[in-house]
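Encoded as structure tokens, the structure appears first; notes follow it.
The values are calculated or read from the model by the stated rules, or taken from the named source; none is laboratory data. Since we're looking at a predicted model, the values are computed, not measured. So basically every Cβ, Gly included, is an ideal-geometry build from the backbone, and we count neighbours across all protein chains shown.
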Amino acid sequence: MTFREIQEDVISKNRVIIVPNSTCWGRTHAHVKKRMVCKWKFKNSIQATFELFHEIGHICTTKGDMRRAESEYYATVWAMNTAKEYGLTIPDKVIEEYQEYIDMEIDRGLRRGGTGYGDLRLVK
């Protein structure tokens with residue numbers, strides 16, 4: 001399967017709507033309740049595919065009581081598992097970037113008095 005075919009398959013299986021030219025926000029993001037991903041465009045690359053998987057991961061895993069770091073962690077784990085199902089190898093650099101973002105959100109939560117984050121380390 002090509003990246004495009006994989007992307008289309010995951011979008012279809014998870015009943016997600018893609019809105020590449022939305023007028024909301026300035027970056028790729030998911031609207032969990034609407035099952036919609038905005039600002040993402042089809043590209044024949046592992047990076048674009050993983051970004052899509054991550055946003056769909058938000059739709060499939062986010063719960064109302066999750067903190068931002070938890071939401072990012074579980075969306076990324078979902079993306080990694082989905083990539084594995086399709087036999088895709090995600091470059092370490094990409095996983096490291098997502099881990100840095102999760103760590104940044106944990107640090108922000110701790111600065112604001114949050115506790116009990118547990119282990120939110122991505123396992124390759």
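What the table below lists for this structure:
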| quantity | calculated |
| --- | --- |
| Candidate set from region 89-124 (those that are of a type in the set (Lys, Arg) and part of a helix (DSSP H, G or I)); member that is farthest from Leu52 (Cα to Cα) | Arg111 |
| Qualifying residue in region 56-79 (condition: crowded, with 16+ Cβ neighbours inside 10 Å, charged (D, E, K, R) and on the phi > 0 side of the Ramachandran plot) | no |
| Residues of region 1-27 classified as at pLDDT 95 or above, touching a Lys or Arg at 6+ places or on another chain (Cβ under 7 Å) and either basic (Lys, Arg) or surrounded by fewer than 18 Cβ atoms within 10 Å (Cβ to Cβ) (or both), total | 2 |
| Residues that are among the hydroxyl-bearing types (Ser, Thr, Tyr) and over 23 Å from Asp103 (Cα atoms), drawn from region 74-88 | Tyr86 |
| Region 107-122: number of residues that are surrounded by 10 or more Cβ atoms within 10 Å (Cβ to Cβ) and farther than 23 Å from Pro91 by Cα | 6 |
| One residue from Lys33, Lys39 being of a type in the set (D, E, K, R), surrounded by fewer than 20 Cβ atoms within 10 Å (Cβ to Cβ) and at negative phi | Lys33 |
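Yes/no per residue for (1) farther than 30 Å from Gly116 by Cα; (2) under 15 Å from the mean Cα position of the chain (by Cα):
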{"site": "Ile11", "(1), (2)": "yes, yes"}
{"site": "Cys24", "(1), (2)": "yes, no"}
{"site": "His31", "(1), (2)": "no, yes"}
{"site": "Arg35", "(1), (2)": "no, yes"}
{"site": "Cys38", "(1), (2)": "yes, yes"}
{"site": "Lys43", "(1), (2)": "yes, no"}
{"site": "Gly57", "(1), (2)": "no, yes"}
{"site": "Met80", "(1), (2)": "no, yes"}
